[in-house]
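In what follows, a single structure is set out as structure tokens and then discussed.
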Amino acid sequence: MMTPVSIDKNEILKYYKPIAVDTHKGIQGHALIIGGSYGKIGAVCLSSKAALKAGCGLVTAYIPKCGYQIVQIAIPEVMVLTDRNKKCISNISFDLQPDAIGIGPGIGQDEVTRKAFLKFLKTNEIPLVIDADGLNILSQNKAWFLLLQPGTILTPHPKELERLIGKWISEEEKFEKTISFSLQYNVIVVMKGAPTYIIDGETLYKNTTGNQALATAGSGDVLTGIISSFLAQGYESVQAAILGVYLHGLTADLAAPKTGFQSFIASDSISNLGAAFLSLE
Ligand SMILES: NC(=O)C1=CN([C@@H]2O[C@H](COP(=O)(O)OP(=O)(O)OC[C@H]3O[C@@H](n4cnc5c(N)ncnc54)[C@H](O)[C@@H]3O)[C@@H](O)[C@H]2O)[C@@H](O)CC1
Ligand SMILES: Nc1ncnc2c1ncn2[C@@H]1O[C@H](COP(=O)(O)OP(=O)(O)O)[C@@H](O)[C@H]1O
Ligand SMILES: [Mg+2]
């Protein structure tokens with residue numbers, strides 16, 4: 001296996017851009033988070049709050065109707081658009097120009113959602129992060145891989161990765177298959193785990209932050225929001241993925257001495273983002 005590039009503070013500081021003093025919310029990036037279904041609106045709350053806390057100027061959540069009050073009350077800073085369907089997303093249509101989209105957290109796999117996802121992939125040209133059930137829907141329709149725009153970021157955990165690329169019999173084969181996948185479809189794969197690797201064609205990156213505190217519901221949803229935020233702020237796809245994975249891991253490293261591994265929850269990752277950014281200054 002090739003030697004990975006280590007994602008550490010030195011690597012991050014090569015392209016991390018501090019926030020300009022004269023910036024404003026209109027140029028700080030607008031992220032759209034599409035996801036949620038009945039019982040899994042929390043995934044969108046986590047993703048969209050994480051996107052805001054990672055620095056983009058505006059965040060809109062696109063969710064089924066049942067999530068409207070939940071998101072508006074949970075995070076008043078986030079704007080909300082609702083699908084015409086009550087319990088799951090059935091038609092992805094919005095009258096705004098986001099700079100990046102994160103799709104999949106909590107979206108479910110209803111037949112109407114699959115159809116809406118296909119229609120979206122056929123027309124979308126906005127930089128994209130696909131996670132969770134977005135990946136699961138994609139995995140069941142391999143022909144749809146060809147619809148992915150170059151630089152699309154996929155963030156599978158090991159089970160989602162297996163659904164995407166098929167089973168592997170060794171670590172080496174897992175990386176070989178993921179590299180082939182990344183090259184064939186020109187996408188960036190964030191192989192979440194302990195540790196997380198990022199594959200951009202033949203370049204392999206290995207993260208150095210994070211710990212077992214992250215083994216908790218919603219921590220991947222938070223990561224999707226963070227990466228979508230950096231993409232909306234104008235970072236290149238691979239840079240957004242690297243910065244996101246590093247800072248996400250750092251939130252757990254900073255919080256664990258206070259929470260312990262057991263009591264850390266995904267919301268703690270969001271509340272420690274500020275400290276993670278400060279450690280870069
Ligand atoms: N509060 C919420 O609304 C939450 C919603 N969620 C949503 O729930 C949906 C289902 O996602 P899930 O990921 O739970 O379900 P999946 O069925 O995709 O994945 C769970 C399976 O993957 C395996 N797995 C996960 N991480 C692994 C690892 N590191 N190593 C080996 N195996 C691993 C598990 O053992 C399990 O078999 C997604 O849409 C997701 O966004 C979850 O993120 C949890 C929180
Ligand atoms: N033991 C661990 N060490 C480091 N990071 C971990 C560990 N367990 C989980 N993580 C991280 O937590 C996140 C889990 O994502 P995911 O499985 O999609 O969660 P969810 O779907 O519940 O939001 C990933 O970023 C993964 O790398
Ligand atoms: Mg997940």
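The values are calculated or read from the model by the stated rules, or taken from the named source; none is laboratory data. As the structure is a computational prediction, the values presented were derived from the model and not from experiment. Heads up, the Cβs are rebuilt from the backbone with ideal geometry, glycines too, and the neighbour counts pull from every protein chain shown. All accessible areas refer to the heavy atoms of the entire protein, side chains included, with ligands and DNA or RNA removed. Shrake-Rupley method; radii C 1.70, N 1.55, O 1.52, S 1.80 Å.
Structure above, values below:
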quantity: Accessible surface of the chain [probe 1.4 Å, protein heavy atoms]: carbon and sulfur percent; calculated: 53
quantity: For q = 0.17, 0.18 Å⁻¹, Debye-computed log10 I/I(0) when each Cα of the stretch 198-256 counts as one equal scatterer; calculated: -0.56, -0.62
quantity: Residues whose placed amide H lies under 5 Å from that of residue 7, excluding near-sequence neighbours; calculated: 206, 207, 208
quantity: Accessible surface, per residue, of the chain when the full set of protein chains is kept, probe 1.4 Å, Å²; calculated: 44
quantity: Trypsin sites (Lys or Arg not before Pro), loop per DSSP, at most 11 other Cβ atoms within 10 Å - longest free stretch of the chain; calculated: 168-281
quantity: Average projection area in nm² (convex hull over Cα atoms of the stretch 5-278, one quarter of hull surface); calculated: 13.6
quantity: Which listed pairs, of 142/206; 40/86; 40/142; 49/119, have C-alpha distances above 18 Å, in listed order; calculated: 142/206; 40/142; 49/119
quantity: Percent of beta bridges antiparallel (DSSP, the stretch 5-278, rounded to nearest 5); calculated: 25
quantity: Approximate spin-label separation residue 159-residue 91, in nm, with each point projected 7 Å along Cα-to-Cβ; calculated: 3.3
quantity: Measure of compaction for the stretch 2-53 (Cα Rg per 2.2 N^0.38 Å); calculated: 1.66
quantity: Positive-pole candidate from 32, 68, 158, dipole of the chain, charges at beta carbon; calculated: 68
quantity: Local electrostatic count, residue 147, Cβ distance below 15 Å [Lys/Arg +1, Asp/Glu -1]; calculated: +4
